[in-house]
Amino acid sequence: MAARTLQTRVDVAVTSCGVGRFTDRELNDLDVQEWWVDKLREAERSIRDLRVQLEARLVGNDRRCLRCGKRVAGRADKKYCSDRCRIEAHRHKLPAVWEEGMPESVRRKIEERDRNS
């Protein structure tokens with residue numbers, strides 16, 4: 001099988017999104033599988049990420065995520081491409097912020113806990 005080009009992969013992703021709607025009658029007769037829901041969630045995340053990146057390219061936005069370097073679309077003051085990157089960035093800088101005004105007794109307890117774990 002020949003390797004798909006990036007253009008073909010994006011074409012397939014975009015055109016596969018329109019699966020249509022199902023009636024309640026159709027869904028009532030269906031044996032719903034839990035893994036279907038998981039796969040749909042995964043697809044939604046993937047499609048949303050692709051849409052955000054394409055929108056950023058469409059408007060000529062060259063802002064990059066401060067954590068992973070992906071393009072950032074949306075508000076002009078947005079710094080991260082996703083909540084995951086925003087939270088990870090916050091978690092990595094949080095200990096340094098805590099240490100600035102931290103009492104010595106608290107700092108010693110944290111250091112001791114870190115050594116024992």
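The values are calculated or read from the model by the stated rules, or taken from the named source; none is laboratory data. In this text, all values refer to a predicted model and were calculated from it rather than measured experimentally. Because the Cβ atoms are built from the backbone with ideal geometry, glycine has one as well, and the counts that use them run over all protein chains shown.
Of the listed requirements (1) modelled with pLDDT of 80 or more; (2) loosely packed, with under 10 Cβ neighbours inside 10 Å, Ala43 misses just one: (2). Residues of the stretch 76-88 that are more than 16 Å from Arg48 (Cα to Cα), assigned to a loop (DSSP other than H, G, I, E, B) and either touching a Cys at 6+ places or on another chain (Cβ under 9 Å) or charged (D, E, K, R) (or both): Asp77, Lys78, Lys79. Here Asn116 meets the list (1) surrounded by 10 or more Cβ atoms within 10 Å (Cβ to Cβ); (2) more than 16 Å from the chain's Cα centre (by Cα); (3) at pLDDT below 80 almost entirely, failing just condition (1).
Surrounded by 13 or more Cβ atoms within 10 Å (Cβ to Cβ), on the phi < 0 side of the Ramachandran plot, among the small types (Gly, Ala, Ser) and in contact with a strand residue (DSSP E or B) (Cβ under 7 Å, 6 or more places away or on another chain): is that true of Ala56 in this structure? Talk me through it step by step, then tell me what you get.
On the way: surrounded by 13 or more Cβ atoms within 10 Å (Cβ to Cβ): yes; on the phi < 0 side of the Ramachandran plot: yes; among the small types (Gly, Ala, Ser): yes; in contact with a strand residue (DSSP E or B) (Cβ under 7 Å, 6 or more places away or on another chain): yes.
Yes.
Is there a residue being surrounded by 11 or more Cβ atoms within 10 Å (Cβ to Cβ), modelled with pLDDT of 80 or more and not in a loop (DSSP other than H, G, I, E, B) anywhere in the stretch 61-75?
Within the stretch 61-75, the first condition is being surrounded by 11 or more Cβ atoms within 10 Å (Cβ to Cβ), and the residues that meet it are 61, 63-68, 70-74.
Now restrict to residues that are modelled with pLDDT of 80 or more: 63-68, 70, 72.
Among the residues that remain, those that are also not in a loop (DSSP other than H, G, I, E, B) are: 64.
Yes, that holds for at least one residue.
For beta carbons closer than 6 Å, sequence separation of 6+ or different chains, a first residue in the stretch 46-66 that is free of Cβ contacts under 8 Å to residues at least 24 places away in the same chain and over 12 Å from Ala13 (Cα atoms) and a second that is among the aromatic types (Phe, Trp, Tyr) and surrounded by 14 or more Cβ atoms within 10 Å (Cβ to Cβ), the qualifying pairs are Cys65/Tyr80.
Among the residues of the stretch 6-15, is there at least one that is loosely packed, with under 10 Cβ neighbours inside 10 Å and of a type in the set (D, E, K, R)? Taking every residue of the stretch 6-15 in turn, none turns out to be loosely packed, with under 10 Cβ neighbours inside 10 Å and of a type in the set (D, E, K, R).
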